[in-house]
1. Tell me the mean residue ellipticity at 222 nm calculated for chain B from its helices only (DSSP H runs of n ≥ 4, each -39500 (n - 2.57), averaged over every residue, nearest 500).
2. Which percentage, to the nearest 5, of the DSSP beta bridges contained in the protein assembly as shown is antiparallel?
3. Taking beta carbons within 10 Å but only from partner chains, what does the mean come to for residues A:347-360?
4. With a 4.7 Å Cβ cut-off, tell me which Cys residues in chain B come up empty for a partner.
5. Averaging sequence separations of C-alpha pairs under 8 Å and six or more residues apart, then dividing by the length of chain A, give the relative contact order as a whole percent.
6. If you rank A:Glu295, A:Glu386 by fewest surrounding Cβ atoms within 10 Å, what's the result?
7. Treat the count of other C-beta atoms within 10 Å as a stand-in for reagent exposure and order A:Arg331, A:Arg364, A:Arg312 from fewest to most.
8. Can you sort A:Ile37, A:Ile187 by how many other beta carbons sit within 10 Å, fewest first?
Amino acid sequence: MDLQFTDAENSFRLKLRDWLSSVIPQLPHEPHRNDWIGRREYDSMWQRMLFDAGFAGINWPREYGGLGATPTEHLIFLEETERARAPYVGQNFVGLLHAGPTLITEASAEQKAFHLPAILKGEHIWCQGFSEPGAGSDLASLSCRAIRDGDDYVINGQKIWTSFGHTADYCEMLVRTDTDVPKHRGITWLIVPMGLPGMDVRPLRTLEGSTEFCEVFFDEVRVPVANRVGDENDGWRVAMVTLSFERGTAFVSEMLQSMELARDLAQLAKRITRNGVTAWDDAGLRRDIGRICAELDALWALTKRNISQAQRTGLVGPGGNVFKLAYAELRTRLGELAMHLLDRASLSIDDIGDLPTHAHVHGRIHALSLGIAAGTSQVQRNIVAERILGLPKER
Amino acid sequence: MDFELNDDERSLQEGIRSFLTGRCTIDVVRSNEETGGALDRALWQELGAVGVFSLRADGFGMTESVLAFEELGRSLVAGPLVASHLAATRMPAAANGSRIVGLIEPSEPVNIAEHLASLDDLVVVRPEGLFVVNPAEVVGVHAERPLDALTPITAVSHLPQGELIADAATAHIWHRDGMVLTAALQLGLCLASIDLAKQYAMQREQFGRPIGSFQAVKHLLADMLTKAEVTRAAVYAAAVNIDGRGDSTDLMQTARMAKMLAGDSALFCGKAGIQVHGGMGFTWEVDAQRYWKRACVLDTHFGNSDEHAAAFSAAL
Ligand SMILES: Cc1cc2nc3c(=O)[nH]c(=O)nc-3n(C[C@H](O)[C@H](O)[C@H](O)COP(=O)(O)OP(=O)(O)OC[C@H]3O[C@@H](n4cnc5c(N)ncnc54)[C@H](O)[C@@H]3O)c2cc1C
């Protein structure tokens, strides 16, 4: 075991750092948080810059235009972009990290030739249409129906929580193609162009007032059979293939952000004065911040273990399953501590006075979603207990 | 000893509850979000007519008052309820709801006022006494996005000294009673979060069964109720002590106990309520978030739970 980078890894880091330091200062201002079209353009511009510089699709195989980087190099990429305060993957998330990898392993040659370069260049934005009102934790029970009619599938039904559904060009979508077989066996994976006749996209408001996700309604929407990826009724397996692309890197940027936020909180505590003493004079608060920072460092070490495992075996072990649980809980504690420290100032979502309220209050709200999105903490615990420990199932 | 509600207490609480469930439905509360949280004067006067502000001015005690405030919290009623109640003994117009009286305990490093635009009078609670200020003379920056859309806030840059209306001892009592009344509102928030989450857990199905049949969800709800019932005991004890029928003469210490427990419990029930709702809990539409946000607001009133824990230990 060792935590040191090789010479090759270090020189990759330096090359990337050089490039970042030359381009970051010239980036335009980030668009307003609710300007989704503007944000799409911004994210696409950044993706195009990465592409032109040869850094796009870091984890994609070389034959599909990616860099074919190892998980460790991916980690370095994420560390350096975070350090340089480069833009996030943003609306390219689903294309680069979910739909793209699925297409790479499962799609036909024509589908790959058409879609993969467009994702890498930031030309096409993808969204994910998996969840439905009746199918969240129990995703396999999805009921959005696709019935074959000649060379088309005709889709009727609804999707929900479709992040960036209102700006995307394509949707990776799971539909029900057979109702007479066990639920996992009647699902098909489709490439659905957004904006087809009969599709209705309605933004949903989050509890923070943002409209980042949507409901998508389908009324007799026709999608060519040629848009199917994998066989009919084999969509569950196709969707699960993407999981094997999980290289332990999913939360790297967030982790780095949280570590910085926690350290900023310590500095903030040193300058917040109440009744003549600083918040930092309180031993209880110092202990809480110390504990959270140390636990974040430990989770960072776990991240590196997970990445190493992925590098060796292609799969993330138990560490991957426990990571999200531990992280969601820790991020919640960090948010709660920050809210208590800010006290009255935490009642504003935007910065107030000269306090960095937004980062902390937004962070607290974000932590609420960490225990829900992509598998709730309850379901994660079931997975750890049943799949890792081998305990009997509840149902 | 009989630490259970008597018939009069029970019927008073039921009376307030039936008024609120008829007049202050969650739809009415929510509709205020469209007006930036501006308070509805007609409703305020009706609250006055029901007696929620004047209870103690009318001879009832803190015990009856916390029972009423528990219901106000449960119904998510916004505005300076505690301030107007505290002011009612000195300001008749506060007692009947014809004037909306708010209060501020100057805070560091930013001084935050709530509902400033809706107030007729602002009482500044300082250690040296109570001071009345004309809200129009308060200078500050209105926050564009308050955490709780029903609690508009202003970062105050200039707060006039105001006119002294009561001495330090009275200010101390306002602070203490404010803690207990706020704790009652927080208790109500816990109960409302539990009701909503329980309903959802019974009706929402995944894997072919109600999610409430999963132990993970049951345990979340059981933890919520456990916290709420411990909080209820703490709040009622603090109130009974203030009314002179308690088991402790350290009224400040029992008030702290109540406010600390209630603050932590309301935040816990708020977030657990969101969790039980899954993705729906993260939407604006579902009320689970409203209870959590109000819990965040009330925790900062009259000192947050950390402050009270520290103060509690100082007396040991
Ligand atoms: C911010 C955000 C972004 C999202 N983006 C997308 C997206 O882009 N595309 C997409 O398809 N989906 C997306 N989702 C949806 C997300 O994957 C679902 O919300 C999640 O899977 C939970 O499903 P649900 O909301 O239906 O909750 P439910 O499954 O109804 O869960 C409700 C409660 O029941 C509990 N529960 C359910 N089953 C069990 C069980 N077996 N044992 C114990 N407890 C259980 C849950 O833990 C939860 O507390 C997003 C969600 C959020 C919050």
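1. -17500 deg cm²/dmol
2. On the way: 53 of 63 bridges.
Antiparallel bridges: around 85 percent, rounded to the nearest 5.
3. Values: counts 16, 11, 6, 4, 1, 10, 9, 2, 3, 0, 3, 1, 0, 0.
Across A:347-360, the average partner-chain Cβ count within 10 Å equals 5.
4. B:Cys24, B:Cys296
5. Working: 619 pairs, mean separation 45.1, N = 395.
Answer for chain A is 11 percent.
6. The order, fewest Cβ neighbours first, is A:Glu386, A:Glu295.
7. Working: A:Arg331 27, A:Arg364 23, A:Arg312 10.
The fewest-first ordering by Cβ neighbours comes to A:Arg312, A:Arg364, A:Arg331.
8. Working: A:Ile37 10, A:Ile187 27.
Placing the least packed residue first, the sequence is A:Ile37, A:Ile187.
Computed from the coordinates by the stated procedures, all read-outs in this text should not be read as laboratory data. This structure is a prediction, so every number in the text was calculated from the model and none was measured. For neighbour counting, all protein chains shown are included, and Cβ atoms are generated from backbone atoms with ideal geometry for every residue, glycine included.
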